[in-house]
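The values are calculated or read from the model by the stated rules, or taken from the named source; none is laboratory data. Everything numeric in this text was worked out from a predicted model, so none of it was measured. Positions of Cβ are backbone-derived with ideal geometry, glycine not excepted, and every protein chain shown enters the neighbour counts. Only protein heavy atoms, including side chains, enter the accessible area calculation; ligands, DNA and RNA are left aside. Shrake-Rupley method; radii C 1.70, N 1.55, O 1.52, S 1.80 Å.
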Amino acid sequence: MRAIIRGSIHGRVQDVIVEDGWIERIGDAGVGERTGARLVDTAGRLLPGFVDVHVHGGGGADVMDASMEAFEQIAATHAKHGTTSLLFTTVAAPDEDLMAVLSAWRHPADWHGADVLGFHLEGPFIHPDRRGAHPVEHLRAPSPEVLRAYAAAGPVRLLTLAPELPGGEETIRAARELRMVVSLGHSAATYDEAMRAFDLGAQSATHLFNAMGGLHHRQPGLAAAALDRPDTVVELILDGVHVHPAVARLAVRIKGRHAVILVTDAVSVVDMPEGRYRFAGGELLFRDGEVRRPDGTLAGSALTMERAVQTGLRHGVFRPEDVPDVAAANAARLLGERRGRIAPGHRADLVALSDEGAVTHTIVGGRVVHRA
């Protein structure tokens with residue numbers, strides 16, 4: 001089926017000609033191309049649809065609910081804010097619960113929301129002292145055998161791991177054999193331990209600066225290793241809570257526009273009223289835009305990719321021309337997906353923004369899944 005998506009690209013109104021969900025051409029649609037095509041005139045600025053590799057929930061639903069109904073609610077909620085592709089992200093839990101989540105996903109015939117690219121396994125292979133909101137009783141040492149069992153249950157695309165734990169190096173090797181992306185996080189790794197893990201094939205740092213040691217001039221740790229290493233990418237949560245804008249600006253200046261990935265780390269409270277919710281087997285408080293455990297520990301966020309982009313631009317963390325990379329292309333490239341660019345041969349995942357930067361249209365595979 002052919003579709004024509006019209007909007008402003010690099011300051012000029014153009015047509016994106018889509019065939020069966022993939023971009024065929026960009027330019028002015030000819031008479032033959034328009035015949036029988038579905039026209040979507042966004043009257044806005046077109047960008048690649050946002051790609052979020054770190055989503056725990058949204059719209060009142062949680063990935064750990066382990067149901068297609070919850071999965072669709074999450075995907076539809078984030079699509080309203082410009083996300084066209086995402087990874088469902090788990091928390092540390094008993095094996096039977098993780099297996100239930102991973103095996104619950106089925107590619108549906110009809111879907112109303114962001115494309116689901118698979119799962120991000122965040123836990124249980126993380127350090128107890130850097131666990132954040134993950135329940136300590138469900139943490140375990142990294143294990144290639146356990147990882148293979150998870151992979152057999154469902155499509156694990158990304159693994160967060162603390163490399164300094166016993167079994168860390170062997171599990172990184174196993175993950176790479178399984179074609180998973182390995183991200184270092186929730187970790188007390190030293191600089192040397194982190195560099196060794198990157199040598200073994202880890203490619204990313206999970207929510208940089210959070211759940212890892214800070215930058216210290218004599219004990220640089222994982223954060224410094226990720227910044228120092230030119231062949232890695234780093235996640236940033238730009239909600240104004242997890243990372244100060246000045247530190248985020250430094251990270252982008254060091255890494256450059258092609259090595260920073262915006263993520264939300266969103267939990268079920270996205271688009272929900274403030275109050276008390278359940279998360280990772282415990283209670284969380286959503287108040288004043290922040291999401292915390294009763295003891296004050298940050299427990300994910302209420303962030304959307306729409307707001308992450310707006311926050312980054314407002315604080316000068318990156319420039320408008322950097323948005324397609326930090327919000328889409330870099331994450332797609334990390335996962336080996338032909339998404340995140342408005343270019344022939346790429347998935348027709350697009351977002352249209354108003355002059356004020358608000359999402360007006362979200363288009364997945366050439367199909368409008370949200371219109372403001």
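For the reader, a short list of remarks on this structure follows.
- Ranked by the mean number of other Cβ atoms within 10 Å of their residues, highest first, the peptides 29-38, 248-257, 273-282, 189-198 come out as 189-198, 248-257, 273-282, 29-38.
- For region 231-239, the Karplus equation 6.51 cos²θ - 1.76 cosθ + 1.60, evaluated at θ = phi - 60°, returns couplings of 9, 10, 10, 10, 7, 10, 9, 9, 10 Hz by residue, with Gly and Pro reported as x.
- Fraction of C-alpha pairs exceeding 19 angstrom in region 241-336: 47 percent, rounded to a whole number.
- Pairwise centroid distance, computed over Cα atoms, of region 206-258 with region 19-39, Å: 42 Å
- With a Förster radius of 25 Å applied to the beta-carbon distance between GLU19 and HIS112, the computed FRET efficiency rounds to 0.70.
- From phi via Karplus (6.51, -1.76, 1.60), per-residue ³J(HN,Hα) for region 268-278 in Hz, x at Gly/Pro: 4, 6, 4, 6, 10, x, 5, x, 9, 9, 9
- Taking N as its residue count, the alpha carbon Rg of the chain over 2.2 N^0.38 Å: 0.95
- Dipole-positive endmost among PRO324, GLY345, GLY357 within region 317-365 (Cβ charges, Cα centre): GLY345
- Unit charges on C-beta of K, R, D, E only; dipole of the chain, Debye: 880 debye
- Peptides 178-188, 208-218, 83-93 ranked from most to least packed, by the mean per-residue count of other Cβ atoms within 10 Å: 83-93, 178-188, 208-218.
- For VAL234, residues with placed amide H under 5 Å, excluding near neighbours: ALA205, VAL260, ILE261
- Rounded tilt (10° steps) of 305-314 against the dominant C-alpha axis of the chain: 90 degrees
- In this structure the amide hydrogen of VAL369, modeled in the peptide plane, comes within under 5 Å of the amide hydrogens of THR362, ILE363, VAL364, none closer than 5 places in sequence on its chain.
- With the convex hull of the Cα atoms taken as the outline of region 1-146, the averaged projected area works out to 11.5 nm².
- For ASP65, the solvent-accessible surface computed with a 1.4 Å probe is close to 90 Å², ligands and nucleic acids excluded.
- Taking amide H atoms as placed 1.01 Å from N in the peptide plane, the amide H of ASP15 lies under 5 Å from those of GLY27, ASP28, ALA29, each 5 or more residues away in sequence or on another chain.
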